[in-house]
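For reference, the structure is listed below as structure tokens.
The values are calculated or read from the model by the stated rules, or taken from the named source; none is laboratory data. In this text, all values refer to a predicted model and were calculated from it rather than measured experimentally. Cβ: placed from backbone, ideal geometry, glycine included. Neighbour counts: every protein chain shown.
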Amino acid sequence: MIERNTVRSATVSASLFSGFLDYADQQGLQRARILERTGVREAALMDPDSRIPLSAYIDMLDFAKTALGDPALIVRFAQDIAMSRISIVALIMESAPDMGEAFRQMQRYGRLALHLKEQDPGGGMELDIRDGRLFMVDRRMSSRLYPDLVEMDFIRLTCGPRRFLAQSHVLSVSFMHPEPPHARVCEDVFQCPVSFGAPQNALELHPEVANWPVAQNDGYVHGVLKERADTLMDALTTAPTIRAALEAELLGVLHTGEVSSETIAGRLGYTRQTLFRKLRAEGTSFRKVLAELRREVAMDYLDQTGSSVKETAYLVGFSEPAAFSRWFRRSTGLSPKQYQAHTRSERNGNALED
């Protein structure tokens, strides 16, 4: 599926990952358990500007909510921990002279927090004026796929400016995903009408908010922060992750079944040990990347192309359909045919709703 393929190689900043890791640890979930679950090593978090796979970040969020038995954990985190404590993007926004410029800086540097390897086909965070009302619409694909991310960002965009604005700047909030168990907590945090199952993810803003002053830091600090952010942006757009390079190489040979780590490492210009070390630094492993890629490609074939189980098995490197079916069930919890029936039912349900 195009959406999953686009997001697969996405990354988040190590500072963003560490921010939630520290918070979950404070709530009683041991740091070591989270790192073991996600496969991220402490060494990968030493540089706050290094990159961590988005998949590891999402895995951490899901694991923490389940382990702590708190569906609203992400909401509480976004409310309790100011984004300026864990991201240069928020520091730049708070250095802007007014809210209009703060939003422009967010649009420019937002990828430092969450970055897709390719340009997001869904769009970005965009201002939209309709019938005299001002909306900030989140069209990012990652937000549509992962409701926790859009809830987290909207809460930060709401709670952060409350520290220095004289009046409320968010008038209403709408989410595309269905109402979650923690909907009441969201309403308490936003302190304005909140709707779920809406046509788009959007914050309705005060129509005059762009002119409201911000400037929490002086001009010199603003310049220093922008210079650093520009450097990071250049590195982000010119240096693909090792994971992304590995996935691109694997995609070309996945159907052959010839996916030995030594052979693939050689094609990438590394020794096997060097490739493993670089992947560990990004919080992942050869085996994990291969398994996730194979699962996603199999799901694409079964769902999007309608390939048979036998065809899909060969296309992702299995010589026996039965072995593929057993592996697919272990990976997804469903047999290939059950998965096809499930996705077909979802599409039919969405068509009826439309």
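From ILE52, ILE74, ILE92, which residue is in contact with a strand residue (DSSP E or B) (Cβ under 8 Å, 6 or more places away or on another chain) and of a type in the set (A, V, I, L, M)?
On the way: ILE74 fails: in contact with a strand residue (DSSP E or B) (Cβ under 8 Å, 6 or more places away or on another chain); ILE92 fails: in contact with a strand residue (DSSP E or B) (Cβ under 8 Å, 6 or more places away or on another chain).
On inspection, the qualifying residue turns out to be ILE52.
Given the structure, is ILE52 part of a strand (DSSP E or B) and within 16 Å of the chain's Cα centre (by Cα)?
Spelling it out, ILE52 is indeed part of a strand (DSSP E or B) and within 16 Å of the chain's Cα centre (by Cα).
Yes/no per residue for (1) crowded, with 19+ Cβ neighbours inside 10 Å; (2) at pLDDT 85 or above:
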residue: ARG294; (1), (2): yes, yes
residue: ASP300; (1), (2): no, no
residue: SER308; (1), (2): no, yes
residue: GLU311; (1), (2): no, yes
residue: PHE318; (1), (2): yes, yes
residue: PRO321; (1), (2): no, yes
residue: ARG329; (1), (2): no, yes
residue: THR332; (1), (2): no, yes
residue: LYS337; (1), (2): no, yes
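Based on what the data block shows, is PHE175 modelled with pLDDT of 95 or more and either under 30 Å from ALA43 (Cα atoms) or of a type in the set (Phe, Trp, Tyr) (or both)?
Values: modelled with pLDDT of 95 or more: yes; either under 30 Å from ALA43 (Cα atoms) or of a type in the set (Phe, Trp, Tyr) (or both): yes.
Spelling it out, PHE175 is indeed modelled with pLDDT of 95 or more and either under 30 Å from ALA43 (Cα atoms) or of a type in the set (Phe, Trp, Tyr) (or both).
For the range 108-130, give me the residue count where each residue is within 18 Å of LEU203 (Cβ to Cβ) and modelled with pLDDT under 80.
Selection size over the range 108-130: 6.
Tally time: how many residues in the range 189-202 are touching a helix residue (DSSP H, G or I) at 6+ places or on another chain (Cβ under 6 Å), in contact (Cβ under 8 Å) with a residue 24 or more places away in the chain and in a strand (DSSP E or B)?
1
Does at least one position in the range 4-21 carry a residue that is farther than 30 Å from GLU227 by Cβ, in a helix (DSSP H, G or I) and at pLDDT 95 or above?
no
How many residues does the range 219-249 contain that are over 21 Å from ALA56 (Cα atoms) and modelled with pLDDT under 65?
5
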